[in-house]
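What follows draws every value from the coordinates through simple rules; no lab data is involved. Computed from a predicted model, the values in this text were never measured in an experiment. With ideal geometry, Cβ positions are generated from the backbone for all residues, glycine too; neighbour counts draw on all protein chains shown.
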Amino acid sequence: MTLRKIAVMGQPVLWRRAEAVALPLDDATRRLADDMVETMRDAPGVGLAAPQVYAGERVIVVQPTRERDAPLVLINPTLEPLGEVVELGIEGCLSIPDWQGLVPRWQRVRWQADDPDGKRLDGEAEGFFARVLQHEVDHLDGVLYPMRLRDPRDLAMTREAHHLLARLDPHRADDEPEEDTRA
């Protein structure tokens, strides 16, 4: 397995719709999936889409929980919202280092995909896992999370992202400027 370079915002590969992958997987796509798992873990991240490592294929790897259990490798994933509930949550992205945003996402989704061996997988996801799936599938469609923001004020540098919490909870008094303690 090889660590791959992560494309950052501005790279054209991130704006393009990725191509469907033919099954059974060829050796190059299997290597891509293995490399993506290693790259995601090294970054460290909880999800990674093929365009983020300069590959225009519909492949994602995701951690279903915040624990370091075995990631899912999903080929040609599709999502369908379940219900009407959309939640705001803070997201970051390996392709947009040092920034975070307050992103609306479906609270629950149904997902389908193939695994690297061509076995059909499906399930329902909610909360954190649903958010990660939506974020990574967006990458396959050439969408980066800032394109989903409701308001430009919902984007902040990571060191200032605590101010986004005030936008989630208007009763939180976090709008006061903090003293700059840098020398």
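Please state the relative contact order of the chain as a whole percent: Cα pairs under 8 Å, 6+ residues apart?
Values: 349 pairs, mean separation 39.6, N = 183.
Answer for the chain is 22 percent.
Using the C-alpha atoms of region 8-108, what convex hull volume per residue, in cubic angstrom, is computed?
Hull volume normalised by residue count: 121 Å³.
Specify the residue with the greatest mean-square fluctuation among V53, V73, V86, computed from a Gaussian network of the chain linking alpha-carbon atoms under 10 Å apart.
V86
What FRET efficiency, computed as 1/(1 + (r/R0)^6) with R0 = 45 Å and r the Cβ-Cβ distance, is obtained for Y54 and D169, rounded to the nearest 0.05?
Efficiency, from the Cβ-Cβ distance: 0.70.
Based on the Cβ-Cβ distance from D122 to E87, what FRET efficiency comes out when R0 is 22 Å, to the nearest 0.05? Show your work: numbers first, answer last.
Numbers: r = 22 Å, r/R0 = 1.02.
About 0.50, to the nearest 0.05.
Any idea what the alpha-carbon Rg over 2.2 N^0.38 Å comes to for the chain?
Values: Rg = 17.2 Å, N = 183, 2.2 N^0.38 = 15.9 Å.
Scaled against compact globular proteins, the figure is 1.08.
At 222 nm, what value in deg cm²/dmol follows for the chain if DSSP H runs of at least 4 each add -39500 (n - 2.57) and the sum is divided by all its residues, to the nearest 500? Walk me through the intermediate numbers first.
On the way: 3 runs with 37 residues, N = 183.
Estimated from H runs of four or more residues: -6500 deg cm²/dmol.
Which far-off residues, 5 or more places away or on another chain, put their amide H under 5 Å from the one on V143, with H placed in the peptide plane?
Distant-sequence amide H within range of V143: zero hits.
Label points 7 Å out from Cα along the Cβ direction at D115 and D27: separation in nm?
Modelled inter-label distance: 2.3 nm.
Among the GluC sites (Glu not before Pro) in region 32-133, which ones are in a DSSP loop with at most 16 other Cβ atoms within 10 Å of the Cβ? Mind listing them?
Taking region 32-133 and a limit of 16 other Cβ atoms within 10 Å, the loop GluC sites (Glu not before Pro) found are E67, E84.
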